[in-house]
Amino acid sequence: MTRKELDAVALEIMGRADMLSLATISDDPYPQIRALFNLRNRRKFPGLASFFADKGMSVYLGTNTSSVKMAQIGKDAWVSVYYMIPREFKGLCLSGKAILDPEAKKAIWVKGWERYYPQGRVDPDYSVLRIDPIRARGWYAAEPFDFAL
């Protein structure tokens, strides 16, 4: 697989996976993994498609500022996210450092999130993380792939 093919494969998987998993480093001797909304899923979040049009493989996650994952990222920003389409045996793991992105917080909002953030996008407990991956690993077309980005 070439880098150009990787880009196309990554964007396909990111655009179709229902959910993603986020792994953070905990104080325990093991990582912690949790499921999050895949904001790039075009079927579930069609209103965000234009936001992602020029973002490449960057990952954006909405989360609670007060969450355990945010405390863990505050101590060690290295994370991995995993997207998968199980029925097709397609998977993509992206790894890099997570950072707060206040500009994306202004742009990313999903109707219904008021249940999590009663004050809307200005809620102090609402944050958006961005991960600009430096490594991509996964499985596609019955073959593994591994790229430094």
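The table below lists the values:
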| item | result |
| --- | --- |
| Gly138 vs. criteria outside any loop (DSSP other than H, G, I, E, B), open to solvent by less than 60 Å² (accessible area, probe 1.4 Å) and farther than 18 Å from Arg34 by Cα | yes |
| Region 111-120, residues that are over 19 Å from Ser66 (Cα atoms) and either open to solvent by less than 50 Å² (accessible area, probe 1.4 Å) or modelled with pLDDT of 95 or more (or both) | Gly112 |
| Cβ-Cβ under 6 Å pairs, at least 6 apart or on other chains, region 31-55 side touching a residue at least 12 places away in the same chain (Cβ under 8 Å) and of a type in the set (A, V, I, L, M, F, W, C), far side in a helix (DSSP H, G or I) and surrounded by 12 or more Cβ atoms within 10 Å (Cβ to Cβ) | Leu39/Leu48; Phe51/Ala107 |
| Check on Tyr60, of a type in the set (Phe, Trp, Tyr) and in contact (Cβ under 8 Å) with a residue 60 or more places away in the chain | yes |
| Test for Arg121: is it in a strand (DSSP E or B) and more than 17 Å from Ile25 (Cα to Cα) | no |
| Matching residues in region 1-27 - criterion: being within 25 Å of Asn64 (Cβ to Cβ), open to solvent by 70 Å² or more (accessible area, probe 1.4 Å) and more than 14 Å from the chain's Cα centre (by Cα) | Ile25, Asp27 |
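The values are calculated or read from the model by the stated rules, or taken from the named source; none is laboratory data. Here the structure is a predicted model, which is why all the values come from computation and not from measurement. Note that each Cβ is placed from the backbone with ideal geometry, even for glycine, and that neighbours are counted across all protein chains shown. With ligands, DNA and RNA removed, areas are computed over all heavy atoms of the protein, side chains included. Shrake-Rupley method; radii C 1.70, N 1.55, O 1.52, S 1.80 Å.
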